[in-house]
């Protein structure tokens, strides 16, 4: 029987707190609550994505501003560090309106989900990491999605205007909502969870 490592258990506990913060939209909190309910039951099929990409090297830079912060954001940044060797790295290689260099300038870290540290198919918990001045392509997917930002960054939903939820803020993407994100002068770092 699969038993979750204590570092992963700690990260899930800290992330649950972040996804229930009052600064998040109600839909994001509700969706995340369902995702974390599924995560109460550890499950792992052993499939790992072991490739590393150039943007993985930005992780330390993205986390550094929060490491000494006494809040739950700081706790999340400190909890991610020990997971780094086991994260399932992925990146998007297609989509409209991405910046010219976005393939090399971004990475998604799968912590719980297909190919992640805990590889499973009923829920996804991970993060997006974009190099400065990178636009992630427009995309959409059937699962609803909640985000919590650990850095500054801008998001766009549908044909709406770009907006920055702020550090500790978040957003909610309903099923099949077209959305995108972009970084400014610092790397964008945002946690996400999806119900699959």
**Prompt:** Could you list, in sequence order, the residues of the stretch 153-163 that are surrounded by fewer than 17 Cβ atoms within 10 Å (Cβ to Cβ) and part of a loop (DSSP other than H, G, I, E, B)?
**Reply:** 158, 159, 160, 161, 162
**Prompt:** Within the bounds of the stretch 31-44, is there any residue that is under 23 Å from residue 152 (Cα atoms) and either surrounded by 15 or more Cβ atoms within 10 Å (Cβ to Cβ) or in contact with a helix residue (DSSP H, G or I) (Cβ under 9 Å, 6 or more places away or on another chain) (or both)?
**Reply:** yes
**Asked** Name the residues in the stretch 182-195 that are in contact with a helix residue (DSSP H, G or I) (Cβ under 9 Å, 6 or more places away or on another chain) and surrounded by fewer than 19 Cβ atoms within 10 Å (Cβ to Cβ), would you?
**Response** 186, 195
**Complete:** Considering residues that are more than 17 Å from residue 57 (Cβ to Cβ) and either touching a strand residue (DSSP E or B) at 6+ places or on another chain (Cβ under 6 Å) or surrounded by 14 or more Cβ atoms within 10 Å (Cβ to Cβ) (or both), the number found within the stretch 89-112 is 9
**Message:** Could you tell me how many of the residues in the stretch 51-85 are without any contact (Cβ under 8 Å) to a residue 40 or more places away in the chain and out of contact with any strand residue (DSSP E or B) (no Cβ under 8 Å at 6 or more places or on another chain)?
**Reply:** 12
**Asked** Of the residues 22, 42, which is within 17 Å of residue 170 (Cβ to Cβ), over 17 Å from the mean Cα position of the chain (by Cα) and in a loop (DSSP other than H, G, I, E, B)?
**Response** 22
**Prompt:** If residue 114 satisfies every condition in (1) more than 12 Å from the chain's Cα centre (by Cα); (2) in a loop (DSSP other than H, G, I, E, B); (3) closer than 25 Å to residue 26 by Cβ but one, which is the exception?
**Reply:** (3)
**Request:** Check whether at least one residue in the stretch 174-181 is part of a strand (DSSP E or B), in contact (Cβ under 8 Å) with a residue 60 or more places away in the chain and either within 21 Å of residue 94 (Cα to Cα) or touching a helix residue (DSSP H, G or I) at 6+ places or on another chain (Cβ under 9 Å) (or both), and report yes or no.
**Result:** yes
**Request:** Return yes when residue 128 is on the phi < 0 side of the Ramachandran plot, modelled with pLDDT of 95 or more and touching a helix residue (DSSP H, G or I) at 6+ places or on another chain (Cβ under 7 Å) and no when it is not.
**Result:** no
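The values are calculated or read from the model by the stated rules, or taken from the named source; none is laboratory data. As the structure is a prediction and not an experimental result, all values here were calculated from the model. All Cβ positions, glycine included, derive from the backbone under ideal geometry; neighbour counts span all protein chains shown.
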